Each structure stands twice: as structure tokens, then as C-alpha cells.
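J.: The structure follows.
The values are calculated or read from the model by the stated rules, or taken from the named source; none is laboratory data. Just so it is clear, the structure is predicted and the values come from calculations on it, not from any experiment. We place every Cβ from the backbone using ideal geometry, glycine too, and count neighbours over all the protein chains shown. Areas reflect the complete protein model, heavy atoms only, side chains present, ligands, DNA and RNA absent. Shrake-Rupley method; radii C 1.70, N 1.55, O 1.52, S 1.80 Å.
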Amino acid sequence: MAIFEYAAAPESVRPKIREQYGLFIDGGWAAPEGAEYFSTINPANEEHLAQVAQATAADVDAAVRAARKAYDKYWRKMKPADRAKYVYRIARAITERARELAVLETLDGGKPIKESRDFDIPTAAAHFQYYAGWADKLEWAMRAGQAPDPLGVCGQIVPWNFPLLMAAWKLAPALACGNTVVLKPAETTPLTALALAQIIRECDLPPGVVNVVTGDGRTGAALVEHPDVDKIAFTGSTEVGKIIARSLAGTGKRLTLELGGKAANIVFADAPMDQAIEGIVNGIYFNQGHVCCAGSRLLVEERAHEEVIVRLTERIQTLRLGDPMDKNTDIGAINSREQLDRIKELVGSGIDQGATLVQQQCELPGKGFFFPASFFTNVQTSHRIAREEIFGPVLAVMTFRTADEAIEKANNTPYGLSAGIWTDKGSKNMWVAGQLRAGVVWCNTFNQFDPTSPFGGFRESGFGREGGVHGLREYLAH
Amino acid sequence: MLATHPLIPYVAVDAVMLEARAASLAKRSIKTTTKRAGIDLAIRCMDLTTLEGRDSEGKVRSLCAKAMTPRPGWPGVPSVAAVCVYPNLVAIAKDALLGSTVKVASVATSFPSGLADLSIKLADTEQAISAGADEIDMVIDRGAFLSGYERKVFDEIVAVKAVCGDRAHLKVILETGELGSYENTRRASDLALEAGADTIKTSTGKVGTNATVPTALVMCEAIRDFARRTGERRGLKVAGGVKTTKQALTYLVIVNETLGPQWLDPDLFRIGASTLLDDLLMQLEKLDTGNYAGVDYIPKD
């Protein structure tokens, strides 16, 4: 044992979790029409947390009707400055209950408590705070300079990787712009969205302005196909995004999609190397790699390849994998068994196709879903691990010789959500950034998020922007 | 004379991710048994320091007594690593510490500015060692460094190291608060290590900005890369403004996770401080008894 081995430092807050959750419709809790419930578990120990309602098409219809009524009766008519007060109130309530929400997020999703505490929850509150300020200034958000109209009822479907944060990204601009919402959280991580529903109820928003329906893909499909929804906003896989796009074609409903990615993180030989290593680690191991904008393809200038591999191999040994509730844990649990199986399958394909696997040497907890920090060298651009989104802590390392080659390889993907560039030369940084087909390009940093900054993709990573003034335009009639 | 040193490669450092990494390490939660081990380690790695114009024999003897036995009557509290004083108080400290494990460190080379002729700096060093100093804390010529005369900085370290020889351990103070960037701190670290510094040290404690977490991190990275390149382990000393147990534990975490646990040793890591010891003792008592002692239960030196 090392002389300074860190003792367990578990987060001690225990949030109240109900035995069973209904659907949040029209300002109250309702049982699902089919009386069907499913279990949500803690992926770090596979223990049952709560029973959650499976919403049917009839439940979704009730939620959409409640949202329509709230839109016509209260929300579109309300003075924008008053709408802002409600949205500010949500921001404050999230901040007041930040620790409880952080623990809940970690329990339900498996992410390290340090991330839910320092990133997910504060950033979620920041989005409500930011968009609340826009509510009475919307004429400045549009190019025309005239007071724009909201869209109406928005169906919002969010993923399991940042459950509360993605809900905040979607709810905050929609509400500030005067829309009402039916939100569907992911099947494996519904608890913080349900806690947010309770917060919204306590904030005294008019009934029906926000509705939360839980369930699997059937619930999502019912929401997408509902004729009285004016807009769908979806964050999730490209596969499901394509199905939604097909389903909405010709209906006149507005759509924004934030889908998968296979981001290139480009490291030039002149990069600030210690910081680049931190950026690589943050880029792929943040939230166990369950990040749509993860820097999952590392492109290294050939002359720096050996140095990067040596440093990265050393660095991943210092990552602390284990109980997500321990404040010193860097890598928590994989979100679900299904996701763990997918990661294992893709890692197996990497080995079969001839790439070399390097992994963090550590003991995995006996229960729960865990996967060590990993990367592959000797990766060819044709390998599956270089092309498909793994959505896990697995990095594919490839090399390039010139900047042109780096740009060509970085762009050689159907995705285009994010990218990273590491070089000490400002001019090179800016020039390469301009050539990359990606919605966000981080220069000498990675995974930086702020409510004022737009986020979104190119091509199969989706369309539409969330965050900043751009995010407002997705919720206003032009 | 060629100003920059041609043989030492330039290493790029970027503030954004350096500070992000430092902040994440500063958030490690150090509790219970680890906290106790950390406090014990911080005491064993401490250079208990007095560097004031009004320092006197009485003050130094009092400090030395505390260095040897930080908490009289409490078994198991270790001695500190060294007492750090001005050169003309070395003999008194040496006498006061006779028979103990506590070493005498002396600042030298025209501390704190370093703006004197090399002959004076060498004489200063020689005087301190002759008076019994086990360790020399020299300062670099920041003016020369910032104007690009890296050779001057390098050669002066080499010359002071030659005076120290096998007689004294050499710590080189970079005075990072005057260097203006992390990149300069990294550059000065590399120069000092290549020139033969046994330990590189952040600060004199005499300027506005002293040791900071990102500064310690970038210096650890230089030491780590030097060890990788040469196989030699060199030390780090953080100094100035380290007042609380929490800060001290953070520096231990930085060293632990950047250089590795083998660096958590008084030969390779030091904290230069004057009031930190009191807080460490108070936290130690809290761990033992569950209560904070009143400040007057801790002997003032």
C-alpha cells in the first residue's frame, strides 16, 4: 500500500427516493394508463432504486393536451418578464438542491459524484439562469429585430449520459421563449428529471407548462408521432435520430437533432504536451466516455506518437476507477449492462481487426457495470473502432504527418459534432479549426461548456443549435 | 555570449488545462487515516522558517526547539525536516539543533533579490556552509532570466552548486511570482535542474504571489520529465503562503499524483512555512480528540 493511499471519501447526502413514480402531467402526478412500471437501478451495484411508470400513447396524449391547454391559457399570454421569473426560480431551486440532485444523478446514472457535483448540476442551473434573462429580450435574438412568437408545444427527448443537464438544455430555452413542453427522460436515468418535475411543481409554474413522461422507446415514438406537437428536440443516437427525421418528414413539425459523434482530437508535436495529455484524458474518459462530443479519435503527429503513448499509458494508471459516490473517483460505472456489452463488443472487434489494446491496470468492482480506461494503438482508419461511436472509455489512436493529412483524417467521418486541436502555434490552431467540419472546435482545451455558447453538429451529428442566442432561434417562429 | 541556453529544449505550457488539472487535484477529498498520514508527512517535510530582518538569537532558538519537538508531551508527533534561517543565524541554529535529526537550511546568494555580483553570492554561500548549513536555498537572478540571459542564470547555479559540493544540498528558488507565466516557470525549472539543483523551490515568500497549486504542478512535471530523461530524482519545495492543513494536503496530492508516492519523502519534498505547523498540530488534535484546541494550547515560537 502506498504511503498516501486515499481513504474512502463517500458523499454522505442521501436523497429521498420514492418507491414508485407516476407521470407528471398537468401539474400533478398521474398513474400510467397501462399500469405498467419498470425498475431503474444503480449501475454501480445493480441495486433497484425505484419503480418508474411506462407511459403509453394515451398518457402522452394527455400530456400533450395539458401542454396545449397551458400554452393557450397561460404561457403564451404571460408577460415575458413574468415568464422569466419562473425560469429564474427553477435555476435557484436547482442550486438550492444541488447536492441532493448530484447524488441522485450519480445513483441513477453511475457517473462520478465529482462530475455531477461540479459539472452536471451547476451547468444545468446556469442554463436556466441564462435563458431566464432572455425571456423579455427575444426581439434581440432574431435577425429581423421584431418580437417573435413561440412555436407551441415541444416534445423533448433526452439521453442518459447527462440526464438533468440535457433536460435543462432543452427546457430552459423552450420555456423562456414561451413554449410548453412534454419531456421524456431516458429509460435508465429518469430520477433527476422526475425530481426536476417536483421542483417545477414547487416553483408553482402553471399546470401543464412542463410535463414529464417516462418510458422506453414506445413512449418516445408516441411523442414524436403525436399530431399536436409543434416541435421535436431530440438528443441521442444517430440511428434513432434518423427514424425521427423520417417520421416527421412532411408533417411541418420543427425538428432539432443532437446525435452521435466520433470527434478527432488532433495533437501536433509542438503542443503543450502535459496539457494535451490532460485534454486527451478529459476528452475520452470524462463521464466514462458517455459523451456525444467525446474526443474518441486521437490523431497524433507521427514524430510525437511515441511520447504521447508513453505519457498516456502512464497517466491512465493514475485514474481512480470505482464507487461513483466516492469524491475521489475519476471513472465511475458504465450506465447500463446493454452499454457495457456494446463497449465490450467493439473492443473485441478492435482486437480482432489487429489493433493493440492498452488498458488501465486495476481491479474492477465485483458488482455493477465497469470498464477500465482503454486506448488502442495500431488503429487503421478502416477499423470499426475508428469509425463507430463506442460511447465508452475507449480511445482509438492514429497518426498523421502533415496538417493537411490531419484535417483530411479528422473530416473523414459521417459525424461532425466536435474536435480538438493541440498546438503551441495560435495561427496553426486557427487555420486548422477553420478546416474542420465540426460544430465545436476546442483549441488547447476540451469539453468546455457554457450556456452562452452554441453547441450542435454537422451531418450525421445532427442539426440545430443548443445554447447561446442560437439556441433561442430553435424555439421561436421565424 | 549566447543568451538563451541552446542545449535545453523549450517546453510549451498552456495555462488553461494546467489550471484545470491543478483545480481537479485540489478537489481530492483527504479524510480520516489519509488525513492523519498527510499531516504527519507534512510535518516531516517541513522547513520551519524565519526570514525576517528582526530575527534574533532568541527567536531562532525558540524556533529550533519547536522544530525538534513540535508538540511537547504528545508522543508520535515527528520533528520537522529543517529550520530555515539567514546565513548569520546558521551557527546559532546549528548549536540549538545539535544531536537532533533536524537540518539547518540557510538562504544565500543575496536573498531575496539575487542582485549581487557572483563573487558575493559565492562568498555568501561559503559563509553559510562554513557556519554549518546542511542545505542552501539560493535565488536565481530573475532580471537576467527575464531579459533572456539564461546562460547567466544557468552558470550561476553551476557555480553555487560547485561551492556546495558534497557539503550541502542545493535548493534553487525560482521566485515564480516574478516570472510572469507558467511557461517561464517551466523554463526556469528545466534550467535549474540541468544546472544541478538538488531541489527546485517556488518562492522566497517575499513577493506578492508565492507558491500556487498550478505552479507546483508545472514544477512537478519538470522534475518528472527530468527523472524520465536522466533517471535522477530531484526534489520540490513549495514555499510562501502555505498556511493551512488543507493547502499542505493539496501539495501532497499534487506530488503523489504527478511524481508518485516515492517523492513523498523529506529528501524529495519540502514545504517552507512559518505558521503552517500550528494549523497542522491543531488538525492533528482534532483527529485525536474530536475537538479543536484553543489557539493558546499550541506553543508559539
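J.: Read phi for every residue in segment A:181-190 and hand back ³J(HN,Hα) as whole Hz from Karplus 6.51 cos²θ - 1.76 cosθ + 1.60, θ = phi - 60°, with x for Gly and Pro.
T.: Ordered by residue, 3J(HN,Hα) equals 9, 10, 9, 10, x, 5, 4, 7, 9, x Hz.
J.: What net charge do the residues around A:Glu96 carry, taking every other residue with its C-beta under 14 Å from that of A:Glu96, with Lys and Arg at +1 and Asp and Glu at -1? Could the numbers behind the result be given before it?
T.: Working: positive: A:Arg89, A:Arg92, A:Arg97, A:Arg99; negative: A:Glu100, A:Glu202.
That sum, taken over residues with Cβ under 14 Å, equals +2.
J.: Moving to a separate point now. Give me the net charge of A:Ala477's neighbourhood, meaning all other residues with Cβ under 14 Å from the Cβ of A:Ala477; Lys, Arg count +1, Asp, Glu -1.
T.: +2
J.: So between B:Leu146 and B:Ala15, what do we pick up on full extension, going 0.36 nm a residue minus the alpha carbon distance? Numbers along the way, then the final one.
T.: Numbers: separation 131, 0.36 × 131 = 47.16 nm, distance 1.88 nm.
Contour length minus Cα-Cα distance gives 45.3 nm.
J.: How large is ³J(HN,Hα) for each residue in segment B:87-101, as worked out from phi by the Karplus curve 6.51 cos²θ - 1.76 cosθ + 1.60 (θ = phi - 60°), to whole Hz, x for Gly and Pro?
T.: Values, residue by residue: x, 7, 10, 4, 4, 5, 4, 4, 5, 5, 9, 3, x, 9, 8 Hz.
J.: Among the aspartates and glutamates, select those whose C-alpha is under 13 Å from the C-alpha of A:Lys73, and discard any that sit fewer than 8 residues away in the same chain.
T.: Within the straight-line cut-off, A:Lys73 pairs with A:Asp26.
J.: Same structure again: Given a cut-off of under 8 Å on Cα pairs at least six residues apart, what relative contact order in percent is computed for chain B? The partial results should precede the final answer.
T.: Numbers: 561 pairs, mean separation 59.3, N = 301.
Reported as a whole number, the value is 20 percent.
J.: A follow-up question, please. Apply the Karplus curve 6.51 cos²θ - 1.76 cosθ + 1.60, θ = phi - 60°, to the phi angles in segment B:285-290 and return the couplings in whole Hz, x for Gly and Pro.
T.: Here the 3J(HN,Hα) series is 5, 4, 5, 6, 10, x Hz.
J.: May I pose another question? Could you list which residues have their amide H under 5 Å from that of B:Asp137, counting only those 5 or more apart in sequence or on another chain, with H placed in the peptide plane?
T.: B:Ser106, B:Val107, B:Ala108, B:Lys171
J.: Tell me the label-point distance for the pair B:Ala23, A:Asp149, using the 7 Å Cα-to-Cβ offset, in nm and rounded to one decimal.
T.: For B:Ala23 paired with A:Asp149, the spin-label model returns 4.3 nm.
J.: Which residues in segment B:63-103 place their backbone N less than 18 Å from a point set 7 Å from the Cα of B:Glu52 along the Cα-to-Cβ direction?
T.: Counting only backbone N, you get B:63-67, B:83-90, B:93.
J.: Moving on. Suppose each label sits 7 Å from its Cα in the direction of the beta carbon; what would the B:Gln262-A:His48 distance come out to in nanometres?
T.: 5.2 nm
J.: Using a basic spin-label model with each label point 7 Å from the Cα along Cα→Cβ, how many nm lie between A:Ala81 and A:Thr313?
T.: Placing both labels 7 Å along Cα→Cβ, they lie 6.5 nm apart.
J.: Quick check on my link table: of B:Lys152/B:Lys206; A:Lys425/B:Lys246; A:Lys367/B:Lys27; A:Lys242/B:Lys27; A:Lys231/B:Lys27, which ones sit more than 31 Å apart, alpha carbon to alpha carbon? Let's see the in-between values first.
T.: Details: B:Lys152/B:Lys206 23 Å; A:Lys425/B:Lys246 37 Å; A:Lys367/B:Lys27 27 Å; A:Lys242/B:Lys27 41 Å; A:Lys231/B:Lys27 41 Å.
Result: A:Lys425/B:Lys246; A:Lys242/B:Lys27; A:Lys231/B:Lys27 exceed 31 Å.
J.: Give the accessible surface of chain A per residue, rounded to a whole number of Å², with probe radius 1.4 Å and ligands, DNA and RNA excluded.
T.: 36 Å²
J.: Rounded to the nearest 100 Å², what is the sum over both chains of accessible area buried where B meets A, with a probe of 1.4 Å?
T.: 2500 Å²
J.: Rounded to a whole number, what % of the accessible area of segment A:1-152 do carbon and sulfur atoms account for, probe 1.4 Å?
T.: 51 percent
J.: Can I ask one more? Leaving out ligands, DNA and RNA, and with a 1.4 Å probe, what % of the accessible surface on segment A:264-443 is carbon or sulfur?
T.: With neighbouring chains kept in place, the figure for segment A:264-443 is 46 percent.
J.: Work out the FRET efficiency for B:Arg167 and B:Tyr292 from their Cβ-Cβ distance, taking R0 = 51 Å, and round it to the nearest 0.05.
T.: Numbers: r = 43 Å, r/R0 = 0.85.
Once rounded, the FRET efficiency stands at 0.75.
J.: Can I ask one more? Among B:Gly235, B:Val139, B:Met282, whose Cα lies farthest out toward the positive end of the dipole of chain B, if unit charges sit on the beta carbon of Lys, Arg (+1) and Asp, Glu (-1)?
T.: Value: B:Met282.
J.: Take the alpha-carbon centre of segment A:108-164, take the same for segment B:137-177, and report the distance between them in whole Å.
T.: Each part's Cα centre sits 54 Å from the other's.
J.: Moving to a separate point now. Need one number: % antiparallel among DSSP beta bridges in the protein assembly as shown, to the nearest 5.
T.: Around 20 percent antiparallel, to the nearest 5.
J.: Hey, with R₀ at 35 Å, roughly what FRET efficiency would B:Asp95 and A:Cys362 work out to, going by the Cβ-Cβ distance, to 0.05?
T.: Step by step, r from the Cβ atoms, then E = 0.10.
J.: While we're on this one: Once fully extended, how much extra length lies between A:Ser382 and A:Thr251, figured as 0.36 nm per residue of separation less the alpha-carbon to alpha-carbon distance?
T.: Length gained, A:Ser382 through A:Thr251: 43.4 nm.
J.: Please report the relative contact order for chain A, taking Cα pairs under 8 Å with a sequence separation of at least 6, and give it as a percent rounded to a whole number. Kindly include the intermediate steps, with their values, before the conclusion.
T.: Numbers: 1113 pairs, mean separation 84.9, N = 478.
Reported as a whole number, the value is 18 percent.
J.: Right, next: Near the amide H of A:Asp149, under 5 Å away, which other amide H atoms are found, from residues 5 or more places off or on another chain, if H is placed in the peptide plane?
T.: A:Ala477
J.: Then there's this: Percent relative contact order of segment A:71-152, based on C-alpha pairs within less than 8 angstrom and at least six residues apart?
T.: In percent, rounded to a whole number, it is 36.
J.: Using a Gaussian network for chain B with springs between C-alpha atoms less than 10 Å apart, which of these wobbles most: B:Gly235, B:Gly132, B:Gly76?
T.: B:Gly76
J.: Also, quick follow-up: What is the set of long-range amide H partners of A:Gly420 at a cut-off below 5 Å, with H atoms built 1.01 Å from backbone N?
T.: The answer is A:Ala264, A:Asn265, A:Ile266, A:Trp442.
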